[in-house]
Amino acid sequence: MNRKEWTIPYSRPVVAPELQYAGYGPLLAAVLTLRGVTTAEAAHKLIEGGTECLYDPMLLNGMAAARARVEQAIRQRETVAVYGDYDVDGITSTCLVTDYLRSRGLRCIPYIPDRGEEGYGLNAFALDALHEQDVTLVITVDCGITAVEETEYARSLGMDVIITDHHECKTGSLPNAVAVIDCKLEGDPYPNTSLAGVGVALKLVSACDGDGEKMLTRYADLVAVGTVADVMPLVDENRYLVRRGLQKLERQPRPGFAAMLREASVDVRHLTASAIGFSVAPRLNAAGRLGQAFKAARLLMCREEGEATALASELCELNRQRQSIETEIWQEAQARLKDITPGEPIVLASDRWHQGVIGIAASRLAEQFGVPAIMICLMGDQGKGSCRSYGGFNLYDALSACSEHLLGFGGHALAAGLTIAPEKIDDFRRALAAYYHSHKPPEQPEVRCDLLIRDPSLLSIENVRELDLLEPYGNGNLRPIFCLSDVELEAVSDVGNGRHMRVRIRMDRARFEGIFFSHSSEALGLREGDRVDLAFTPQINDYRGHVSVQLLLTGARKHSPGALCSEILSGRRESLWAAADYCPERADFVRIWKELCSKHPLPDTLSELIALCPDGMTPESFCVCLMAFREAGLLDGGNGVFGASRAVIEGKADLEATAIMRGLRHMTL
């Protein structure tokens, strides 16, 4: 993270009364209220929502025609191909539809194109190969929405095509297929526009089978893994699908998933979407990135434990190879960007990079520099690029605006792919930079906190455990980020060969342990005894029978008083809740009056004003004193406190009678 701005909410957390009456704990109730869930009914639907969250697959445009064509294929015992993508969403989609069609007695050929040789989506070479195997129906999963020419070619070979996809299509022309099913299409009545490709695949087999609950029971694990890996929003229907899938993975995983979970050392007793996203998905993705997606598909479709164990081991080895290649690409990109601070999208190209791995490197660049990143693998007269967004910038719209410089593109707002002629890269870079500057999203803070914790009792084991009710966490349902401000760093040490930082902090009489992965105390400039601000998600740590609350840090810095001081000086009474710990005493007022108020006018900037704070006093208390002086008429002129001068008044000023002091004296946690 390269910026230093934090957003900390200083007003008292609002908790919907109905949630308290319903028995929800204070921490969970505050988070629910923040997310607009203010009634017991809404909370129950979010946390316990069942099959009522599922939508009728027949609402999807094209589903009726697709179902009729599949039923025809089943009656006539046709040979059908399921044509997928090489990422986790595409692999799980391919396995799901293939398994279903085979269970209906069809000869079904799964086809996943080679990432390096064939690239993304339908292609003529693959269609020729399928035609030679007597395929009469091709069903695409997680791809195909832009395959207009390829669909026509399939028709010329005598093969029908059903398109199932979830990607954007703004070209205005759709493939002339038997059916086109895509929840993203404009005007489609299906309520969930954020289904993953595997979610659309589930809807297809549910429509064909007529029993959606049976299909979900059979395939929930595939749907959950594909949905999480493709970073779809985990709300509404998707949330229920993933929750059902996690339950299946915990209780009755298919042999392939069971083997992968063992190989990745994932604790299935407490399986989360995060564990899928960080442990399982990368290993499955590695196969597709290195041109061996069929190994992942074989793993998910195999039925023998021994075969599954061997395949899971192979995929983990592929993942290690992927990591090694990624490191080399990352180091080269770092060298090329040395001493550069990009203010617009990064566009890099090389003929030495592996096409399947550049997307990960692009993600790391985007995170490091805070701008979108595009990395292009040059192969002869073409370049294949992987694009990753940052800060809410819509990549798909940007590529659409710059399409005159591209041979092709596709994807989502946050991640996309492109094909480009090498000689067009400079023109594309300039066009993308121009578009970015005219559509640049608002600057985002480095750390955005949901709640400021002033009462350490809120971080009890019971309250933290209750937050698990919000699982599965992910896109659209992020883990809440809490903040501790101005707490003492009692101990700090680096662990994991200096790669990670372990801390112990003291807050009043309470102590908490914390861990910050991929950050060191030296890099953050922290040492024992510092007053610090911490952003974190709390979690339960059960180590050898000792259960405690651990802070999983997402941000750490030396305490920065500026934001709260600014709130205090603005006169916003909502912030007095956070300032209550800085309530000054009479001696503080006397000291400041003697030392500073004769030096008038006061500075015009916050940094200069804070610099006048006497030793041994917090800047926050100092600012409270100045505001009390202003309210009592002891300072006048200027802009509030800024630029104000000492006033001449008759008699004594009653500082305790000022609104700010009355508010602070009566403020509670």
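The values are calculated or read from the model by the stated rules, or taken from the named source; none is laboratory data. Computed from a prediction, not measured in an experiment: that's the story for all the values here. Here the Cβ is made from the backbone with ideal geometry for all residues, glycine too, and neighbour counts use every protein chain on show. For the accessible areas, the whole protein counts, side chains as well, though only heavy atoms, and no ligand, DNA or RNA atoms are used. Shrake-Rupley method; radii C 1.70, N 1.55, O 1.52, S 1.80 Å.
Grouping the Cα pair distances of region 519-602 into 10 Å bins from zero gives a pair-distance distribution of 13, 26, 33, 19, 8, 2, 0 percent in increasing distance order.
When its C-alpha radius of gyration is set against 2.2 N^0.38 Å (N residues), the chain gives a value of 1.12. Subtracting the Cα-Cα distance of residue 659 and residue 460 from their residue separation scaled by 0.36 nm leaves 68.2 nm. The mean accessible area for residues of region 410-555, using a 1.4 Å probe and ignoring ligands and nucleic acids, is 49 Å² per residue.
Using every pair of distinct Cα positions in region 63-153, the Kirkwood expression returns a hydrodynamic radius of 13.3 angstrom.
For region 475-608, the fraction of 1.4 Å probe accessible surface lying on carbon and sulfur atoms is 46 percent. Checking the Cα-Cα distances for 184/295; 45/295; 184/384; 45/214; 184/338 against a 28 Å cut-off, the pairs over it are 184/295; 45/295; 184/338.
The dipole here belongs to region 162-240: it is taken about the Cα centre, uses +1 on the Cβ of Lys and Arg and -1 on the Cβ of Asp and Glu, and is about 60 debye.
The per residue volume of the convex hull around the alpha-carbon atoms of region 1-110 is 197 Å³.
A 1.4 Å probe, protein heavy atoms only, puts the accessible area of residue 435 near 40 Å². Sorting the segments 235-247, 527-539, 500-512 by their mean number of nearby beta carbons within 10 angstrom, highest to lowest, gives 235-247, 527-539, 500-512. Each DSSP beta bridge with both residues in the chain is either parallel or antiparallel, and the antiparallel ones are about 65%. Using R₀ = 60 Å, calculate the FRET efficiency as 1/(1 + (r/R₀)^6) where r is the Cβ-Cβ separation of residue 615 and residue 426; round to 0.05. So, using R0 = 60 Å, E works out to roughly 0.60. Rolling a 1.4 angstrom probe over region 258-304 with all protein chains present gives an accessible area of which 49% lies on carbon and sulfur atoms. The stretch between residue 58 and residue 79 holds 5.1 nm of extra length on full extension. This uses 0.36 nm per residue minus the Cα-Cα distance. How big is the Rg/Rh ratio for region 412-515, C-alpha atoms only, Rh by Kirkwood, two decimals? With Rg and the Kirkwood Rh in hand, the quotient comes to 1.16.
A straight line joining the Cα centroids of region 541-617 and region 308-376 runs 41 Å. Residue separation of residue 47 and residue 404 scaled by 0.36 nm, minus their Cα-Cα distance, works out to 123.9 nm of gained length. Seen from every direction in turn and averaged, the convex hull around the alpha carbons of region 292-435 projects onto 9.6 nm². Packing around the peptides 104-117, 579-592, 479-492, taken as the average count of other Cβ atoms within 10 Å per residue, puts them in this order, highest first: 479-492, 104-117, 579-592. Here the accessible area is traced with a 1.4 Å probe on the protein chains. For region 71-225, carbon and sulfur cover 44 percent of it. The 3J(HN,Hα) values that the Karplus relation (6.51, -1.76, 1.60; θ = phi - 60°) gives for region 569-579 are, in residue order, 6, 6, x, 6, 5, 4, 7, 4, 4, 7, 8 Hz. Gly and Pro appear as x. Sorting the segments 613-623, 208-218 by their mean number of nearby beta carbons within 10 angstrom, highest to lowest, gives 613-623, 208-218.
Amide H contacts of residue 135: none lie under 5 Å away among residues 5 or more positions distant or on a separate chain (H built 1.01 Å from N in the peptide plane; Pro and chain starts excluded). Counting only DSSP H runs of at least 4 residues, each contributing -39500 (n - 2.57), and dividing by the residue count of the chain, the helix-based mean residue ellipticity at 222 nm comes to -12000 deg cm²/dmol. Looking at region 36-189, the accessible area is 41 square angstrom per residue; that uses a 1.4 Å probe and ignores ligands, DNA and RNA.
Pairs of C-alpha atoms in region 109-182 farther apart than 17 Å represent 38 percent of all such pairs. Overall, the chain carries a charge dipole of about 1120 debye about its Cα centre when +1 sits on the Cβ of Lys and Arg and -1 on the Cβ of Asp and Glu, all other atoms neutral.
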